[in-house]
Amino acid sequence: MSRRRRRQPKPEISPLDDWVPKTSLGMLVKEGHINSIEEIFRNNYVIREPEIIDVLIPDLRQEVVDVSMVQRQSDSGQQKSFRITVVVGNGEGIIGIGIGKAAEFVPAVRAAEARAKLNATVFRRGCGSWECRCGEPHSIPFETDGAAGSVSVTLRPAPKGTGLVTADVGKIVLRIAGLKDVWSITKGRSRTSSNFAKAFVDALTRTYRVLPPQEWMSSGVSE
């Protein structure tokens with residue numbers, strides 16, 4: 001009797017091992033000359049390859065916030081496709097949003113994820129509530145506004161234990177961003193989930209346009 005040979009488990013191969021960078025920034029990241037995403041944002045480099053984010057932020061999380069069907073008229077008839085909105089973040093100051101379209105669901109999600117990684121940006125966390133003043137990054141440092149389409153959002157810092165006071169789409173974005181306590185005010189057609197999520201991301205990215213007093217000493221700025 002011939003013994004059956006057990007199949008050896010296939011070695012896990014990371015897709016990044018076969019990554020061939022197409023841009024100079026990708027080559028610098030691949031060769032290890034750039035080791036942090038902060039260095040890219042500090043020098044205003046443009047990210048054109050999603051693999052750059054995969055290398056620098058391996059613990060990046062993603063969440064689908066909107067799924068819709070779109071159709072267009074062609075010579076062969078109506079063609080339907082998926083329109084997916086995905087939010088990515090690491091919970092420590094990195095957030096990004098992207099929209100992808102494809103005839104099938106999985107390719108649309110992958111396209112949206114890649115677009116969200118290319119749109120990744122930084123925002124500030126902090127404790128800007130006068131009721132808390134704990135100094136921990138559980139909320140935002142100050143009130144901020146954001147808009148997308150007809151939707152406008154105002155985010156306000158909240159004390160510990162308040163939670164995320166917003167709709168489900170806003171909770172997904174803030175949770176991916178690593179925030180736990182935020183008040184929000186929404187105006188416009190918030191039923192459009194993609195614009196609703198974009199407005200939240202826009203509000204978070206605007207926190208990086210202002211340097212709060214808590215960071216004056218660390219940034220070398222004096223009164």
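No value in this document is a laboratory result; all are computed from the given coordinates. What you see is a predicted model, and the numbers here were worked out from it, not measured in a lab. Every residue, glycine as well, gets a Cβ built from its backbone with ideal geometry; the counts of neighbours run over all protein chains shown.
Computed extension length for Arg61-Arg191: 44.4 nm, one decimal, from 0.36 nm per residue of separation with the Cα-Cα distance subtracted. Among Pro107, Thr162, Cys127, whose Cα projects farthest towards the positive end of the dipole of the chain, with charges put on the beta-carbon of Lys, Arg (+1) and Asp, Glu (-1)? It is Pro107, whose Cα lies furthest towards the positive end. Be a star and scan the stretch 95-110 for residues whose amide nitrogen sits under 14 Å from the point 7 Å along the Cα-to-Cβ vector of Gln79. Under cut-off, by backbone N: 101-104. Loop-resident GluC sites (Glu not before Pro) (DSSP state other than H, G, I, E or B) in the stretch 31-140 with no more than 11 further Cβ atoms inside 10 Å of their Cβ: Glu31, Glu104, Glu131. Listed by chain and number, the lysines whose C-alpha is less than 26 Å from the C-alpha of Lys187, apart from same-chain residues fewer than 8 away, are Lys160, Lys171, Lys198.
Of all the options Asp54, Asp75, Asp145, the one that moves most in a Gaussian network model of the chain with Cα springs shorter than 10 angstrom is Asp75. Could you tell me which of Ile176, Ser76, Val64 has its Cα farthest along the dipole of the chain towards the positive end, charges placed at Cβ (Lys, Arg +1; Asp, Glu -1), taken about the Cα centre? Positive-most Cα among the choices belongs to Ser76.
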